[in-house]
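Asker: After the structure tokens below, expect a handful of questions from me.
Every number here is computed from the coordinates shown, using simple stated rules; none is lab data. The model shown is predicted, which means the values in this text are computed figures rather than measured ones. We place every Cβ from the backbone using ideal geometry, glycine too, and count neighbours over all the protein chains shown.
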Amino acid sequence: MATTKELKLKAAELRKATWQMIYRAKTGHTGSDLSCTDILVALYYQALNQTPETFKDPNRDRYVQSKGHAVEILYNVLADRGYFPKSDLLTYSQFKSPYIGHPTNHINGIELNTGSLGHGLGLSVGIALAGKLDHRDYHVYTLMGDGEQAEGSVWEAAMSAGNYQLDNLTAIIDHNRLQISGPTVDVMNSEPLADKYRAFGFDVIEVDGNNIAELVSALTTKNTPKRPKLILADTIKGKGISFAENQASWHHRVPTETEYQQGLDELDEVIGGLKNE
Amino acid sequence: MSNGAKAGDVICSELIELASADQNILAVTSDSRGSAALNPFATALPNQLIEMGIAEQNSVTVSAGLAHSGKRPFVFSPASFLTMRSVEQVKDDVAYSNTNVKLIGISGGNSYSVLGATHHSLQDLAITRAIPNLEVYMPADQYQTRALIQYLSKSDQPAYVRIGKKVLADVYETPAAAFKAPGKGNLIYDQGNDVTLVAAGETVRIALDAAQKLTNAGVGVKVVDLVSVKPLDQDLLNRVADQTHQIVTLEEHSIYGGLGSAVAEALAQRGDTAVHILGFPDEPAIAGTQDEVFGYYGLDADSVKSTVTTLLNK
């Protein structure tokens with residue numbers, strides 16, 4: 001069991017690796033990666049009952065990343081957890097590399113291909129339903145964006161999760177309130193999300209999505225019997241890089257050399273501080 | 001030999017047998033168990049019928065999740081909704097993710113006739129044929145349907161099957177003769193070398209009837225049942241093209257992108273074989289019974305005979 005301090009350090013180091021990877025490749029969804037970093041750390045280092053060795057085990061927990069564009073942080077988490085060598089990521093987005101800009105199941109640790117928004121919850125409903133049919137006690141987690149909530153297929157899937165009373169399913173919304181064109185409430189207002197998911201049969205837990213301790217607690221609390229769970233994780237897009245925080249323009253922006261260095265300095269300072277605590 | 005059967009009834013009875021022996025086989029429906037003739041399945045194996053409500057996109061996506069966890073789902077939905085409303089789910093969640101989902105498009109083509117173009121699927125072959133890693137089939141009679149379902153229940157490959165609503169007259173005498181493998185069609189009529197009629201699904205019977213009329217009129221004719229629209233039987237098409245150099249395709253689909261297009265693509269580079277495509281024109285189909293509409297668009301046996309005669313006399 002890792003301590004909260006260890007998990008915070010892990011998150012800071014993964015933010016740095018992601019920042020470096022995007023700068024090196026000159027492509028990536030920077031703001032989206034940094035927004036959900038703490039969620040992925042809480043999942044992969046604490047909640048998810050899965051390791052590289054058990055990835056094909058039918059009893060493993062599953063994770064489906066519906067917001068596939070935040071793939072850079074997912075790759076870095078999987079590499080750090082040992083699903084593939086970290087050096088593989090040097091090929092990210094290069095000619096013929098399997099490490100492309102959205103998750104594919106050609107890569108060890110990735111369950112299903114995503115990228116087009118609005119698919120992850122439905123895929124997870126199918127996986128959870130299979131678990132019920134087979135009387136297995138694995139749990140399925142999926143991470144969506146808040147902009148993604150405008151996709152109609154999300155609500156078809158939510159309806160079926162409630163209908164089938166999937167208490168082995170936890171959906172998480174990375175609720176950073178920004179999408180590519182601006183504030184989500186201005187682009188297409190999907191609020192009140194908590195009320196909507198409750199109406200679809202979910203238990204809803206609202207947490208600070210950049211607070212690892214709160215996330216771990218929400219992710220590891222057992223579902224109420226017969227109810228799927230939604231964790232509405234309030235996050236900051238671009239979290240950890242001062243000038244990228246809460247900026248829609250950083251959705252998929254690549255840092256300039258000056259910005260890169262400044263961001264690196266900020267992340268190194270956080271890492272140093274946590275190490276000295 | 002019986003007089004024929006509906007493909008949907010055959011699939012249901014075959015699937016009950018297969019699913020009784022393998023509890024991973026599931027029938028997934030979108031409030032379509034009645035039109036898919038699945039009520040006997042629902043009665044026999046209620047725990048293996050997954051109802052998704054009127055939500056075709058979610059039916060496909062959830063099935064991909066089921067398949068990813070070891071299930072073998074057969075998704076039943078009207079072909080129009082399954083392949084067009086859900087096309088992205090088919091492309092991403094089934095074909096691209098390579099999940100073992102079998103898509104059964106019921107009431108395909110012009111089956112819904114007077115219900116109008118919202119319910120017709122006259123573009124489904126064009127769409128599904130262009131998706132990598134997806135097999136596409138159109139069974140012509142009960143024996144072929146049975147053999148196809150048996151193959152699909154063992155295969156791990158994503159596939160789309162389009163069936164219609166009406167009773168299919170028998171074309172074959174046994175399942176083994178009707179369907180052999182993916183990418184294998186059948187030369188089912190071989191009486192001379194003037195023209196080859198190529199068909200799939202419900203048009204196979206029409207092609208055979210037209211062939212009989214052409215034979216009676218002294219025309220040398222062959223008939224190919226393609227059944228596997230993708231992968232295509234390139235060898236068989238080359239063989240008949242070697243002998244006839246005149247192909248006429250017959251399909252319950254838009255003249256764009258379907259069976260005729262597939263055959264034309266397969267033979268274009270030869271440069272020695274003409275392909276004439278008979279199908280539905282580029283417009284919403286007119287109202288009428290399916291037979292009336294087929295006649296109107298020149299897809300009945302007499303019209304096909306007359307078209308072929310004109311082509312050969314050019």
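Asker: Multiplying the sequence separation of residue A:134 and residue A:59 by 0.36 nm and subtracting their Cα-Cα distance, what value in nm do you get?
Answerer: On the way: separation 75, 0.36 × 75 = 27.00 nm, distance 1.02 nm.
Full extension of this stretch gives 26.0 nm more.
Asker: Same structure, new question: By how many nm would the segment from residue B:256 to residue B:187 lengthen if fully extended, with 0.36 nm per residue of separation less the alpha-carbon distance? The partial results should precede the final answer.
Answerer: On the way: separation 69, 0.36 × 69 = 24.84 nm, distance 2.43 nm.
Value of the extension gain: 22.4 nm.
Asker: Right, something else. Just to verify a number: FRET efficiency for residue B:310 and residue A:180, C-beta to C-beta distance, R0 = 56 Å, to 0.05? Numbers along the way, then the final one.
Answerer: On the way: r = 57 Å, r/R0 = 1.02.
For residue B:310 and residue A:180, the calculated efficiency is 0.45.
Asker: For segment A:54-136, rounded, prolate or oblate, judged on the Cα gyration tensor with a ≥ b ≥ c (square roots of eigenvalues), a/c < 1.5 rounded, else prolate if a/b > b/c? Intermediate values should be presented prior to the final figure.
Answerer: Numbers: a/c = 2.78, a/b = 1.60, b/c = 1.74.
Note, shape of segment A:54-136 comes out oblate.
Asker: Please compute, for peptide B:86-96, the average count of beta-carbon atoms on other protein chains lying within 10 Å of each residue's beta-carbon. Don't skip to the answer; put the middle values down first.
Answerer: Values: counts 1, 0, 4, 6, 0, 1, 7, 8, 0, 1, 7.
If you average over the peptide's residues, the count of other-chain Cβ atoms is 3.
Asker: What do you get for the angle between helix B:56-68 and the principal long axis of chain B? Use alpha-carbon atoms, 0 to 90 degrees, nearest ten.
Answerer: 70
Asker: Set the bar at 31 Å for Cα to Cα. Now go through B:165/B:305; A:196/B:165; B:71/B:184; A:8/B:71 and name every pair that lies beyond it.
Answerer: On the way: B:165/B:305 25 Å; A:196/B:165 40 Å; B:71/B:184 27 Å; A:8/B:71 39 Å.
Table pairs above 31 Å Cα-Cα are A:196/B:165; A:8/B:71.
Asker: Can you give the FRET efficiency to the nearest 0.05 for residue A:269 and residue A:86, using r as the Cβ-Cβ distance and R₀ = 30 Å? It would help to have the intermediate numbers written out before the result.
Answerer: Working: r = 23 Å, r/R0 = 0.77.
The computed FRET efficiency comes out at 0.85.
Asker: For segment A:4-276, report the translational diffusion coefficient in µm²/s to the nearest whole number, using Stokes-Einstein at 37 °C, 0.692 mPa s, and a Kirkwood Rh over Cα pairs.
Answerer: On the way: Rh = 18.6 Å.
For the chosen part, D equals 177 µm²/s.
Asker: Using a 10 Å cut-off on Cβ atoms, rank the peptides A:65-73, A:38-46 from the highest mean neighbour count down. Write down the numbers at each step before the final one.
Answerer: Details: A:65-73: 26.9, A:38-46: 25.0.
My ranking of the peptides, most packed first, is A:65-73, A:38-46.
Asker: Highest mean first, how do B:221-232, A:84-95, B:57-68 rank when packing is the count of other Cβ atoms within 10 Å averaged over residues? Before the final figure, lay out each step's value.
Answerer: Working: B:221-232: 24.1, A:84-95: 13.8, B:57-68: 30.6.
Most protected by this proxy first, the peptides run B:57-68, B:221-232, A:84-95.
Asker: Whole-Hz ³J(HN,Hα) for each residue in segment A:114-123, computed from phi via Karplus 6.51 cos²θ - 1.76 cosθ + 1.60 with θ = phi - 60°, x for glycine and proline: what do you get?
Answerer: With coefficients 6.51, -1.76 and 1.60, one gets 9, x, 5, 6, x, 9, x, 5, x, 4 Hz.
Asker: Treating the angle as unsigned and between 0 and 90°, give the value, to the nearest 10°, between the Cα long axis of helix A:4-25 and the longest Cα principal axis of chain A.
Answerer: 60
Asker: Looking at chain A as a GNM with Cα springs under 10 Å, which of A:58, A:192, A:255 has the largest mean-square fluctuation?
Answerer: Between A:58, A:192, A:255, it is A:192 that shows the largest mean-square fluctuation.
Asker: Enumerate the lysines that residue A:10 could reach by cross-link, defined here as Cα to Cα under 22 Å, with residues fewer than 8 away along the same chain left out.
Answerer: A:67, A:86, A:237, A:239, A:275
Asker: Follow-up. Most fluctuating residue of A:21, A:188, A:159 in a GNM of chain A with Cα springs under 10 Å: which is it?
Answerer: In the Gaussian network model the winner is A:188.
Asker: Next question. Cα extents of segment B:1-83 along the three principal axes, largest first, in whole Å?
Answerer: 41, 30, 19
Asker: Cut-off under 15 Å on the C-alpha distance; same-chain residues fewer than 8 positions from residue B:213 excluded. Which aspartates and glutamates are left, in chain and number order?
Answerer: B:190, B:194, B:300, B:302
Asker: Just to be sure I understand the model, the point goes 7 Å from the Cα along the line to the Cβ. What's the resulting residue A:277 to residue A:165 distance in nm?
Answerer: Output for this residue pair reads 4.2 nm.
Asker: For residue A:217, project a label point 7 Å along Cα to C-beta. Then give me every residue of segment A:173-206 with its amide nitrogen under 12 Å of that point.
Answerer: Backbone N within reach: A:206.
Asker: Starting from the Kirkwood radius over alpha-carbon pairs of segment B:5-168, derive D by Stokes-Einstein at 37 °C in a medium of 0.692 mPa s and give it in µm² s⁻¹. Write out the running numbers ahead of the final one.
Answerer: On the way: Rh = 15.2 Å.
It comes out at roughly 216 µm²/s.
Asker: Okay, moving on. Which value in nm describes the separation of the simple spin-label points at residue A:203 and residue A:2, placed 7 Å from the Cα toward the beta carbon?
Answerer: Taking the two extended label points, one gets 2.5 nm.
Asker: Go ahead and estimate [θ] at 222 nm for chain B from helices alone: -39,500 (n - 2.57) per DSSP H run with n ≥ 4, summed, over the residue count, rounded to 500. Provide the component values of the computation, followed by the final result.
Answerer: Numbers: 11 runs with 110 residues, N = 314.
After summing the helix terms and dividing by the residues of chain B, the value is -10500 deg cm²/dmol.
Asker: Another question about this same structure. Name the residue farthest towards the positive end of the dipole of chain A from the options A:192, A:172, A:209, assuming +1 on Cβ of Lys and Arg, -1 on Cβ of Asp and Glu, about the Cα centre.
Answerer: The Cα lying farthest towards the positive end belongs to A:172.
Asker: Let me ask something else. Starting from the Cα of residue B:6, draw a straight line to each of the aspartates and glutamates and keep only those under 15 Å, dropping any in the same chain fewer than 8 residues away.
Answerer: Excluding near neighbours in sequence, the set is B:14, B:141, B:170, B:202.
Asker: For segment A:65-138 and segment B:68-102, what is the separation of their Cα centres, given in Å?
Answerer: 19
Asker: Could you work out the equivalent-ellipsoid semi-axes for segment A:1-160, taking the square root of 5 times each eigenvalue of the Cα gyration tensor, largest first, in whole Å?
Answerer: Values: eigenvalues 119, 71, 48 Å².
Three semi-axes, in Å: 24, 19, 16.
Asker: Would you mind checking the tilt of helix B:203-216 against the longest principal axis of the Cα atoms of chain B, expressed as 0 to 90 degrees and rounded to 10?
Answerer: For B:203-216 against chain B, the angle is about 20 degrees.
Asker: Have a look at B:118, B:307, B:30 and report the one farthest towards the positive end of the charge dipole of chain B, computed about the Cα centre with Cβ charges (Lys/Arg +1, Asp/Glu -1).
Answerer: Checking the options against the dipole of chain B, the answer is B:30.
Asker: Which values of log₁₀ I(q)/I(0), to two decimal places, follow from the Debye formula for segment B:180-312 at q = 0.11, 0.15, 0.18, 0.21 Å⁻¹ with a uniform point scatterer at every Cα?
Answerer: With no solvent term, the Cα-only Debye profile gives -0.34, -0.64, -0.93, -1.26.
Asker: A further question on this structure: Extent of the protein assembly as shown along each principal axis, from alpha carbon coordinates, in Å, largest to smallest?
Answerer: Each principal axis gives a Cα extent; for the protein assembly as shown these are 96, 53, 44 Å.
Asker: For an R0 of 22 angstrom, estimate the FRET efficiency from the Cβ-Cβ distance between residue B:243 and residue B:130 and round to the nearest 0.05.
Answerer: Details: r = 30 Å, r/R0 = 1.36.
After rounding to 0.05, the efficiency reads 0.15.
Asker: OK, next. Based on Cβ point charges of +1 for Lys and Arg and -1 for Asp and Glu, what charge dipole magnitude is obtained for segment A:4-276 about its Cα centre, in debye rounded to the nearest 20? Kindly include the intermediate steps, with their values, before the conclusion.
Answerer: Details: 27 positive and 34 negative charges, 118 e Å.
Charge dipole of segment A:4-276: 560 debye, to the nearest 20.
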